[in-house]
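The values are calculated or read from the model by the stated rules, or taken from the named source; none is laboratory data. Quick caveat: nothing in here was measured; it's all calculated off a predicted structure. Neighbour counts are summed over all protein chains in view; Cβ atoms, including those assigned to glycine, are modelled from backbone coordinates with ideal geometry. Quick note on the areas: whole protein, heavy atoms, side chains included, nothing else; ligands and nucleic acids left out. Shrake-Rupley method; radii C 1.70, N 1.55, O 1.52, S 1.80 Å.
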Amino acid sequence: MGFDLATLTPQYDLRAIPPLRAVIVCAVRYLHVARVGRCYCHKGWQRFLGTEAAIRPFHGFLSEVDQYWPEPVALNRPCDPMLSFDEALLADMLAAAAGGDRDGFDRMIRDMIPAAGRHAMWFTGSRLVRAMGTAA
C-alpha cells in the first residue's frame, strides 16, 4: 500500500465550510484581486464583510499577518473552491477569535509566529470578528 501525500495536506472546499470562514477567505481573495487590478472599492468589500465597520479592522488584521507571517500568504485563485493551507489557517484563526479560544488560536501558529505576533493577530482578529458581528 502506497503513502498518500494528500493525507498530510488536506484541502477544504469553500462551499462546505462554515460561513465565517468562507467570508474571510472570499474577502482576502477579493482584496488581493482589487489591489492587483487597482480597483479597490469599499462597497465591493463591504459585501463580503457584511458591514462597513469591519473594513478597517480587516485591514488591521491583514497588516499584522503581513508583518509576522513567515512567507507571503498563499492564496488560491478567486474562482478556485479549494482553500490553500494559508487561507484555511487564517479562517481557522479568526474562527477561534470569534469563539474566544485564545489557547486554540495560539496553538495553531505557535511554531511559526512569535508571541508578540500572536498577540497582535489575536487582538486585531478579535476586533475584526466583533465588527463583523459573526460567530464561529
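Put simply, the amide H of residue 99, placed in the peptide plane, has neighbours under 5 Å in 136, leaving out anything fewer than 5 places away on its chain.
For the pair residue 130 and residue 33, label points projected 7 Å from Cα toward Cβ lie 3.2 nm apart.
Here's how it looks for residue 82: its modeled amide H is under 5 Å from those of 14, which are all 5 or more places away or on a different chain. Compared with the alpha-carbon gap, the fully stretched path from residue 107 to residue 82 is longer by 6.6 nm at 0.36 nm per residue.
Sorted into 5 angstrom bins from 0, the C-alpha pair distances of region 39-96 split as 4, 16, 19, 28, 25, 8, 0 percent.
Rounded to the nearest Hz, the phi-derived 3J(HN,Hα) couplings of region 16-27 under the Karplus curve 6.51 cos²θ - 1.76 cosθ + 1.60 (θ = phi - 60°) are 10, 9, x, x, 4, 4, 5, 4, 4, 4, 5, 5, where x marks glycine and proline. When the Cα positions of 62, 113, 17 are compared along the charge dipole of the chain, 62 comes out farthest toward the positive end, with charges on each C-beta of Lys, Arg, Asp and Glu.
Loop sites by DSSP among the trypsin sites (Lys or Arg not before Pro) of the chain, restricted to those with at most 12 other Cβ atoms within 10 angstrom, leave 39-109 as the longest stretch without any of them.
Please list the equivalent ellipsoid semi-axes of the chain, computed as the square roots of five times the alpha-carbon gyration tensor eigenvalues, in descending order and whole angstrom. Intermediate values should be presented prior to the final figure.
Details: eigenvalues 103, 74, 43 Å².
So the three semi-axes of the chain are 23, 19, 15 Å.
Taking all protein chains as they are arranged and a probe of 1.4 Å, the heavy atoms of residue 17 leave approximately 30 Å² accessible to solvent. Taking the protein heavy atoms of the chain in the context of the full set of protein chains, the accessible area attributed to carbon and sulfur is 56 percent at 1.4 Å. Charges were assigned to the Cβ only: +1 to each Lys and Arg, -1 to each Asp and Glu. The resulting dipole of the chain about its Cα centre is roughly 600 debye. Spin-label model, residue 13/residue 47: points 7 Å from Cα along the beta carbon direction are separated by 2.4 nm.
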